[in-house]
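Peer 1: Please find one structure pasted underneath; my questions will follow.
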Amino acid sequence: MNTSTSQVATGLALYDRTAGDAAAAVIARYSTSFALACRLLGPRPRPHVRNVYALARVADEIVDGPAREAGLSTEEAGAVLDRLEEDCLAAITHGFSSNLVLHAFARTARECGIGAFLVEPFFASMRVDLEVSRHDTASHDAYVYGSAEVIGLMCLQVFVNAGSGHPVVPSPELVDGARRLGAAFQEVNFLRDLADDRTRLGRDYLDLVSAEDRTAVLDRIDRDLAAAARVIPDLPADCRKAVTAAHDLFAELAARLRSSTGDDVRVRVPDAVKARLAMRAMLGFAPRGAHA
């Protein structure tokens, strides 16, 4: 008779693990660069950051094409997004969702102190993508806050609180750095995707009318990246390498955008350069521009 005790997860533990695996699969499919940066995180924050980004990716896909390709109208896609937000907030309250990605995110939210104050602005910005095609300064800034700065703040909640048992409010300096890093990432993506956003999605996030306007965006990106770089050393040690690698990848993209001559080709960083940036971060070098 075999009297050994099985170590296989069952019940809620199995469901939790499966939900985390589903979130990790979403990230692996959609972003090799992000998946690489996640591997540089310590085991404490890594699954939680994946859970945050998996939710963000699912919401993006509702507004960025797949829902339309499936035959949904703008109004129907909006209704799907509304239900996703409602289900997300309910999952945070109750600690369970039948949607595996939402379940994984809710576990992270409950452990790390991510509440409606961050979830609602995110979904508001996703909703804007269904309603607004051209942005002015005010709508641009509001959109960047909800779509990108909030994601940085969610990740900061993870960095500070994962595994602590008692979530705390991060310092104002870290909050500012997280917001500015998220904004820089989003602005870089706006510039990289300018042609696709205009032609495929019919959106204009930047309203650029001259080369000087484009340079002003790049200058803003550089200032935000420099400000974020200065506070990365204040993050918990098991987060710094990954954030440094992500920061430096986008700093490299910004530099390549500055030297590019057109918007019709999406600027990218060659794999060999990505590997060099990741190795630099792994070796503990400070992020680019940390002393600017």
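FYI, it's all coordinate maths here, none of it is from the lab. Just so it is clear, the model here is predicted, and its values are computed rather than measured. Because the Cβ atoms are built from the backbone with ideal geometry, glycine has one as well, and the counts that use them run over all protein chains shown.
Peer 1: About the Cα centre, and with charges only on the beta carbon of Lys, Arg (+1) and Asp, Glu (-1), how big is the dipole of the chain? Nearest 20 debye, please.
Peer 2: The calculated dipole for the chain is roughly 1360 debye.
Peer 1: Would region 156-217 count as rounded, prolate or oblate if I go by the C-alpha gyration tensor, calling it rounded below 1.5 in a/c and otherwise prolate when a/b exceeds b/c, oblate otherwise?
Peer 2: Note, shape of region 156-217 comes out prolate.
Peer 1: Once every Cα of the chain carries one equal point scatterer and solvent is ignored, give the base-10 log of I(q)/I(0) from the Debye formula at q = 0.06, 0.09, 0.10, 0.13 Å⁻¹, two decimals.
Peer 2: So the normalised log intensities are -0.20, -0.44, -0.55, -0.93.
Peer 1: Among 250-256, 67-73, how do they line up by average Cβ neighbours within 10 Å per residue, starting with the highest?
Peer 2: Numbers: 250-256: 20.4, 67-73: 12.1.
Descending mean neighbour count gives 250-256, 67-73.
Peer 1: Take peptides 44-55, 237-248, 269-280 and line them up by average Cβ neighbours within 10 Å, highest first, as a rough protection proxy. It would help to have the intermediate numbers written out before the result.
Peer 2: Numbers: 44-55: 24.6, 237-248: 22.9, 269-280: 14.8.
Packing proxy ranking, top to bottom: 44-55, 237-248, 269-280.
Peer 1: Above 14 angstrom, tally the Cα pairs of region 47-121 and express them as a % of all pairs, no decimals. Mind dumping the intermediate values first?
Peer 2: Numbers: 1639 of 2775 pairs.
The calculated P(r) of region 47-121 puts 59 percent of pairs beyond 14 Å.
Peer 1: Once you list every other residue whose beta carbon is under 15 Å from the beta carbon of residue 259, what net charge do they have if Lys and Arg are +1 and Asp and Glu are -1? Walk me through the intermediate numbers first.
Peer 2: Numbers: positive: 192, 214, 256, 258, 266, 268; negative: 219, 222, 252, 263.
Spelling it out: positives minus negatives among the neighbours equals +2.
Peer 1: Return the tail of the calculated pair distribution for region 167-292, meaning the percent of Cα-Cα pairs more than 25 Å apart. Could you put the intermediate results ahead of the total?
Peer 2: On the way: 2223 of 7875 pairs.
Looking at region 167-292, the distances longer than 25 Å represent 28 percent of pairs.
Peer 1: How large is ³J(HN,Hα) for each residue in region 186-194, as worked out from phi by the Karplus curve 6.51 cos²θ - 1.76 cosθ + 1.60 (θ = phi - 60°), to whole Hz, x for Gly and Pro?
Peer 2: 5, 5, 4, 5, 4, 5, 5, 9, 3
Peer 1: While we're here: What percentages make up the Cα-Cα pair-distance distribution of region 230-292 when the bins are 10 Å wide from 0?
Peer 2: Spelled out per bin, shortest first, that is 22, 48, 24, 7.
Peer 1: Let me ask another. Given Cβ point charges of +1 (Lys, Arg) and -1 (Asp, Glu) and nothing else, what value in debye, to the nearest 20, does the dipole of region 169-292 about its Cα centre take?
Peer 2: Dipole size: approximately 440 debye.
Peer 1: A further question on this structure: Classify region 55-169 as rounded, prolate or oblate from the Cα gyration tensor: take a ≥ b ≥ c as the square roots of its eigenvalues, call it rounded if a/c is under 1.5, otherwise prolate when a/b beats b/c and oblate if not.
Peer 2: Oblate is the answer for region 55-169, as a/c is 1.5 or above yet b/c matches or exceeds a/b.
Peer 1: Same structure again: Between region 16-90 and region 163-206, what's the alpha-carbon centroid distance in Å?
Peer 2: Using only Cα atoms to place each centre, the spacing works out to 16 Å.
Peer 1: May I pose another question? Taking 2.2 N^0.38 Å as the expected size of a compact globular protein, what ratio does the Cα radius of gyration of region 1-72 give against it, to two decimals?
Peer 2: Numbers: Rg = 16.6 Å, N = 72, 2.2 N^0.38 = 11.2 Å.
My calculation over the Cα atoms of region 1-72 gives 1.49.
Peer 1: Lys/Arg Cβ at +1, Asp/Glu Cβ at -1, dipole of region 148-212 taken about the Cα centre: which of 162, 150, 182 is farthest positive-ward?
Peer 2: Sorting the options by dipole projection puts first 162.
Peer 1: Could the peptides 32-40, 78-86 be put in order, highest first, of the mean number of other beta-carbon atoms found within 10 Å of their residues? Present the calculation step by step, with values, prior to reporting the outcome.
Peer 2: Numbers: 32-40: 17.6, 78-86: 15.6.
In descending order of packing, they fall as 32-40, 78-86.
Peer 1: Considering amide H positions built from the backbone, and no H for Pro or chain starts, which residues 5 or more places from residue 204, or on another chain, come under 5 Å of its amide H?
Peer 2: It is 134, 135, by chain and number.
Peer 1: Of the options 202, 125, 275, report the single residue whose Cα projects farthest towards the positive end of the charge dipole of region 11-282 (beta-carbon charges: Lys, Arg +1; Asp, Glu -1).
Peer 2: Most positive-ward Cα: 275.
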